[in-house]
């Protein structure tokens, strides 16, 4: 069973993603704080991380960058309400190495597709380096 870490400061988003991922057969760990998520990340092995971009303490780009420094091959999906293009462009410009960007609001089918593709190592990089969900 694949282990997924979901990080988002909005509890409703955590709950929805946890339900979807659990129904899909994944083991899910949730965190509403980037700093707490980093501690969880250091203590456990995750096949995939779903990371909110906008959080109050530190943004998802910073946390994702730190996770990639610890484990360069870590698969990370940014979850954002600011728009996939903007988030993908920023992740690309900061050389973070994100696998996907999942836009809010999302559907069950979109989460299923993005998570399965990210876990298979199939990202959606295009010629200009941007990622799309």
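Annotation: for a label point projected 7 angstrom from Cα along Cα→Cβ of residue 116, residues of the range 19-39 with backbone N closer than 19 Å are 19-28. Remark: the residue 73-residue 12 segment gains 19.1 nm on full extension, using 0.36 nm per residue and subtracting the alpha carbon distance. Evaluated over the Cα positions of the range 3-119, the convex hull gives a direction-averaged projected area, one quarter of its surface, of 6.2 nm². When each of the peptides 49-59, 22-32 is scored by how many other beta carbons lie within 10 Å of its residues on average, the order from highest to lowest is 49-59, 22-32.
Every number in this text was worked out from the coordinates using simple rules, so none of it is lab data. Everything numeric here is computed off the predicted structure, so don't read it as measured data. So basically every Cβ, Gly included, is an ideal-geometry build from the backbone, and we count neighbours across all protein chains shown.
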